[in-house]
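The values are calculated or read from the model by the stated rules, or taken from the named source; none is laboratory data. These numbers come from a predicted model, not from an experiment. No Cβ is skipped: glycine too gets one built from the backbone with ideal geometry, and neighbour counts run over all protein chains shown.
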Amino acid sequence: MPNLTIVDYGGPGEQWDPATLDVPFPALLFPEQEPRPLPYTPQTIVVVDGSWPQARKLVNKLPQLTSMPRIQVTPHAVAPIRLRQPPIPEGMSTIEAIARLLDQTHGEGTGAPLDALYERVVKATIEARGRPLR
């Protein structure tokens, strides 16, 4: 992803720089109960990564994220095997959401490499545990 920027935040003693989110026409890749149409075509997609409770807490904590328009993605009709179950029916892991976003914005199948990577990670984790998931 040539235009990707990773911003690390949340570690002990790290201070948040609000200027980090001063980007043109942003949209937050995060579900909301009542999806609304975007007011513009996003030029920057902000993705929050972490467990569901961590991500939700961060989105609710930072005013720029709270007020940012949200972009929605639709999960695959058949959910893949997951390491953790999301707390909402349309929930998915960060890598799945990015894959769906790529399919949505760049054409069906463009997220397939991320889907394959996610499947390899899940299978490797199951093998390392030596037992199936619950």
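Observations, loosely collected:
- Residue list for region 59-78, filter: under 16 Å from the mean Cα position of the chain (by Cα) and either basic (Lys, Arg) or assigned to a loop (DSSP other than H, G, I, E, B) (or both): Met68, Pro69, Arg70, Gln72, Val73, Thr74, Pro75, His76
- Hits in region 1-51 - residues which are among the acidic types (Asp, Glu) and out of contact with any Lys or Arg (no Cβ under 8 Å at 6 or more places or on another chain): Asp8, Glu14, Asp17, Asp22, Glu34, Asp49
- Pair list, Cβ under 8 Å, 6 or more apart: region 96-123 residue touching a residue at least 24 places away in the same chain (Cβ under 8 Å), other residue buried (at least 20 other Cβ atoms within 10 Å of the Cβ) and of a type in the set (D, E, K, R): Asp115/Glu96; Tyr118/Glu96
- Residues of region 89-119 satisfying the condition of being in a loop (DSSP other than H, G, I, E, B) and in contact with a helix residue (DSSP H, G or I) (Cβ under 8 Å, 6 or more places away or on another chain): Gly91, Met92, Ser93, Gly109, Thr110, Gly111
- Only one entry in Pro39, Pro87, Pro75 is more than 18 Å from Leu28 (Cα to Cα) and of a type outside the set (Gly, Ala, Ser), namely Pro87.
- Sole exception among (1) among the small types (Gly, Ala, Ser); (2) surrounded by 14 or more Cβ atoms within 10 Å (Cβ to Cβ); (3) free of Cβ contacts under 8 Å to residues at least 40 places away in the same chain for Gly91, by number: (3)
- Hits in region 7-32 - residues which are more than 18 Å from Gln54 (Cα to Cα) and part of a loop (DSSP other than H, G, I, E, B): Asp17, Asp22, Val23, Pro24, Phe25
- Flag if Arg82 is assigned by TED's automatic domain parsing to the domain that holds Val122 and in contact with a His (Cβ under 8 Å, 6 or more places away or on another chain): no
- Checked against the criterion of being buried (at least 16 other Cβ atoms within 10 Å of the Cβ), under 30 Å from Arg129 (Cβ atoms) and not basic (Lys, Arg), region 11-20 contains not a single residue that satisfies it.
- Pairs with Cβ under 9 Å, 6+ apart, first in region 37-53 and at pLDDT below 90, second small (Gly, Ala, Ser) and assigned to a loop (DSSP other than H, G, I, E, B): Gly50/Gly10; Trp52/Gly91
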